[in-house]
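In what follows, a single structure is set out as structure tokens and then discussed.
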Amino acid sequence: MLNIMEQLTQAVIKGDIAHIDSLVQVSLDLGMSAQDILDRALIPGMDEVGHLFSASQIFLPEMMVSAKVMHMALNKLRPYIVRGEVRRLGRMAIGTVKDDLHDIGKNIVISVMEGGGIEMIDLGVDVPPEKFVEVLSNNDIQLLGVSAILTTVLHNIENIISAIKKAGVRDKVKILIGGVAVSSGLVEKIGGDAYCKDAADGLRKAKEILMTLKSTTKD
Ligand code: B12
């Protein structure tokens, strides 16, 4: 008999739309934290889906159903991650780069940041550089998040940074970059401010940056 975490992982892998909601509810009722459910059950399930897809053991339709299950689980978990924090530490806009439609990771980042007191603006997926520039020009934003999952879209992160520089607003914002296609070396090379390996790492770095900004504006 599989334990509840294993059942959740299997539900993601098998695309079990019918049972995901009740399985998440049971895990919460058993006292598991939303973070544990994500890190120990759901994300490992998505990773396995990726391996099966690479090995041609499943195909795009199955991967799409698994993604749907993941979205359903995230929707159910969101209120437990975002606990009505009233404190606003800063404001961040985030989007997935142009030509990339993956948004599960970005949506987790949004929930975790909001849970940590950072106000989030979601630019969506397949976001062109101009849209990143536009949001910076029209809002009081200290942080910009860029998500890139496909290795074929990495040049689009550079295009965002170039567009921001060209618009003369590079000094206004710190750029946090994450996603499986990204590495700390790449972020350094293209002139980003922080590489984030996951949402928790992102929140830690975002808070550090905001604290530094606060102390320098006080001086
Ligand atoms: C689900 C999925 C899909 C879904 C996406 C649904 C959705 N709404 O997101 C669908 C089915 C649509 C899809 C489509 C495709 N996919 Co896909 N997909 C995946 C899969 C299985 C999981 C991705 C995921 O959600 N992971 C879970 C999340 C939580 O992890 P994450 O995204 O890395 O995010 C975390 C961190 O990276 C970080 N993070 C991410 N961004 C940011 C940003 C900031 C600012 C911060 C702070 C942190 C941060 O925090 C997140 C949470 O901790 C991966 C395999 C994998 N293991 O990654 C393949 C994978 C990414 N896909 C792949 C491919 C090839 C495709 C397609 C090209 C397939 C095709 N033939 O059409 C298309 C491309 C469509 C497009 N133009 O984007 C390849 C990419 C290969 C490569 N090297 O580029 C992978 C790796 C599968 C594989 N092994 O081959 N896919």
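No value in this document is a laboratory result; all are computed from the given coordinates. Worth saying up front: this structure is predicted, and the values here are computed from it rather than measured. For neighbour counting, all protein chains shown are included, and Cβ atoms are generated from backbone atoms with ideal geometry for every residue, glycine included.
Sequentially through the stretch 30-35, phi angles give Karplus couplings (6.51, -1.76, 1.60; θ = phi - 60°) of 7, x, 6, 7, 4, 4 Hz, Gly and Pro residues having no value and appearing as x. Using C-alpha pairs under 8 Å with a sequence gap of at least 6, the mean separation divided by the residue count of the stretch 90-218 gives a relative contact order of 26 percent. Which one, Val49, Met113, Ala18, is farthest towards the positive end of the dipole of the stretch 5-139 when Lys and Arg carry +1 and Asp and Glu -1 on their Cβ? Of the options given, the answer is Met113.
Across Arg91, Arg78, Arg204, mean-square fluctuation computed from a Gaussian network of the chain (C-alpha pairs under 10 Å connected) peaks at Arg204. Residue separation of Ile17 and Ser137 scaled by 0.36 nm, minus their Cα-Cα distance, works out to 39.1 nm of gained length.
State, to one decimal in nm², a quarter of the convex hull surface area for the C-alpha atoms of the stretch 105-148, i.e. the direction-averaged projected area.
Values: hull surface 12.5 nm².
Taking the Cα atoms of the stretch 105-148, their convex hull projects to 3.1 nm² on average.
Here the stretch 1-89 is treated with +1 on each Lys and Arg Cβ and -1 on each Asp and Glu Cβ, and its dipole about the Cα centre works out to around 420 debye. The H on the amide N of Thr96, modeled in the peptide plane, is under 5 Å from the matching H of Gly124, Val125, Asp126, Val127, Ser147, each at least 5 residues off or on a different chain.
May I ask for the net charge around Ser162, where only other residues with Cβ less than 14 Å from the Cβ of Ser162 are counted and Lys, Arg are +1 while Asp, Glu are -1?
Taking every other residue near Ser162 into account, the sum is +3.
Net length available on complete extension from Asp193 to Thr216 is 6.6 nm, with 0.36 nm assigned per residue and the Cα-Cα distance removed.
Debye-formula intensities of the chain, expressed as log10 I(q)/I(0) at q = 0.17 Å⁻¹, are -1.20 (one equal scatterer per alpha-carbon, no solvent). Rounded to the nearest Hz, the phi-derived 3J(HN,Hα) couplings of the stretch 55-64 under the Karplus curve 6.51 cos²θ - 1.76 cosθ + 1.60 (θ = phi - 60°) are 8, 6, 8, 9, 10, 3, x, 5, 5, 5, where x marks glycine and proline.
Report, in deg cm²/dmol and to the nearest 500, the calculated mean residue ellipticity at 222 nm for the chain, where each DSSP H run with n ≥ 4 adds -39500 (n - 2.57) and the sum is divided by the residue count. Display every interim value, and only then the final one.
Working: 9 runs with 117 residues, N = 219.
About -17000 deg cm²/dmol.
About its Cα centre, the dipole of the stretch 123-188 is roughly 120 debye, where the only charges are +1 on Lys and Arg Cβ and -1 on Asp and Glu Cβ. For the stretch 162-168, 3J(HN,Hα) computed residue by residue from phi via the Karplus equation (6.51, -1.76, 1.60; θ = phi - 60°) reads 4, 5, 5, 5, 4, 7, x Hz, glycine and proline entered as x. Points 7 angstrom from Cα along the Cβ direction at Asp36 and Lys68: gap in nanometres? It is 3.1 nm. Using all pairs of distinct alpha-carbon atoms, the Kirkwood hydrodynamic radius of the stretch 4-81 works out to 12.2 angstrom. Subtracting the Cα-Cα distance of Leu60 and Glu119 from 0.36 nm times their residue separation leaves 17.9 nm of extension gain. Here the label points at Arg78 and Ile4, each 7 Å from Cα along the C-beta direction, are separated by 2.3 nm in the simple model. Strictly greater than 18 Å: what percent of every Cα pair in the stretch 39-167 meets that? Within the stretch 39-167, distances greater than 18 Å cover 60 percent of Cα pairs.
Among Met64, Met46, Met92, the order by Cβ neighbours within 10 angstrom, fewest to most, reads Met64, Met46, Met92. State the Cα centre-to-centre distance between the stretch 1-25 and the stretch 29-66 in whole Å. With the stretch 1-25 and the stretch 29-66 each reduced to a Cα centre, they are spaced 10 Å.
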